[in-house]
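Let me begin by presenting the structure, written as structure tokens, before commenting on it.
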């Protein structure tokens, strides 16, 4: 669904905010909530999910204004613009710029050759930066014009941020933080700092201090020229996302273990932890007054927290998602399928997920689920899913059997396990 009814008023709400009855959770995504951003007015939030959707929310009411289904992959990053627009970026390599009153993106940037996983807006609001698993970061003027391409990372670039003076910071899988010179300093080389771990997240504070974190669960505070000033261990689980408070006094660090550490930056210590149901927290964002945090996690919920006390706002549902395979306990095929259940629903009534529904898959032609956006490569293939083709898919792997797929690469080496998976799917996905 595209933006139709709500876009004409979104710009007003972004600026003025929205008042209503408080709710503790926002429900709507069919998969983990991968990205979050709060609009400058504080009343609206934008979220992106593994279900390929972006959702606009009124925070106080906990209501989804609209669900946007434009991208052909997980929505990994979102950003809100000061003028009422917003930006979404996806696993499909595309970045979409949206404006109030338009039913489709105003512009789409498709220069990246891999998933886009990070976005940042410059302090003056004139430029947009992106980080991609194609090994590059790009900076493009929002008013139009060519993008500046930053190359040098050895592998995925996972995070991007702007320094207050307009310089640019990137972090990546190669464990480096790179501080890039200003655009007019074309001959200047970046400052490169190698840290002891792969890096997933960056945050830049108002005074230019840099926070970086990743696999070893340590948040490192770095001066704008690169030296590490302090280290805060928020373990035991890797840090997935970082967000600085609007006044720069605190940093929120979201972890794969389900907790979010709120750090006092000056004292380099943890003030408190936001403790949810124990599932990975993929995204975190502050409201403009610094008194409230939003988190998005693998339970498909956006949660609201009092940033000063660490307590949830309103009742906090702590129930883990229902196990969709509970009815198949002891079935070997169901256990093999467990690696797939996060991305694929089995029944027509199940909520949408990152991959297409498998309801009725046996006998169905590839790339024909009506409400799912497939890659062009899959649409041209002559495959009908049955016991033979499904087994072959996992024998040789998706990359070989269905080139151009966005499905994660995986194989099942055991012929018995492939057979068990096929028999399970024949039973579990049958429709009346």
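The values are calculated or read from the model by the stated rules, or taken from the named source; none is laboratory data. Only a predicted model underlies this, so the values are computations on that prediction, with no experimental measurement involved. With ideal geometry, Cβ positions are generated from the backbone for all residues, glycine too; neighbour counts draw on all protein chains shown.
Summary table below
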item: Criterion: out of contact with any helix residue (DSSP H, G or I) (no Cβ under 6 Å at 6 or more places or on another chain), assigned to a loop (DSSP other than H, G, I, E, B), on the phi > 0 side of the Ramachandran plot and not assigned by TED's automatic domain parsing to the domain that holds residue 419 - qualifying residue of 257, 314; result: 314
item: Filter pass, residue 211 being within 20 Å of the chain's Cα centre (by Cα), closer than 16 Å to residue 123 by Cα and assigned to a strand (DSSP E or B); result: no
item: Filter result (touching a strand residue (DSSP E or B) at 6+ places or on another chain (Cβ under 7 Å) and surrounded by fewer than 22 Cβ atoms within 10 Å (Cβ to Cβ)) within the range 233-243; result: 233, 237, 238
item: Check on residue 125, touching a residue at least 40 places away in the same chain (Cβ under 8 Å) and either buried (at least 21 other Cβ atoms within 10 Å of the Cβ) or not assigned by TED's automatic domain parsing to the domain that holds residue 37 (or both); result: no
item: Subset of the range 267-285 (residues that are within 16 Å of the chain's Cα centre (by Cα) and closer than 27 Å to residue 230 by Cα); result: 280, 281, 282, 283, 284, 285
item: Listing of helices (runs of 4 or more DSSP H) fully contained in the range 356-432 that carry 2 or more residues being under 29 Å from the mean Cα position of the chain (by Cα) and at pLDDT 85 or above; result: 376-379, 387-396, 398-401
item: Residue match in the range 288-308 (condition: touching a strand residue (DSSP E or B) at 6+ places or on another chain (Cβ under 6 Å), over 18 Å from residue 217 (Cβ atoms) and part of a loop (DSSP other than H, G, I, E, B)); result: yes
item: Test for residue 92: is it surrounded by 24 or more Cβ atoms within 10 Å (Cβ to Cβ) and either more than 13 Å from the chain's Cα centre (by Cα) or not in a strand (DSSP E or B) (or both); result: no
item: Single match in 240, 232 (criterion: outside any loop (DSSP other than H, G, I, E, B), assigned by TED's automatic domain parsing to the domain that holds residue 123 and closer than 20 Å to residue 276 by Cα); result: 240
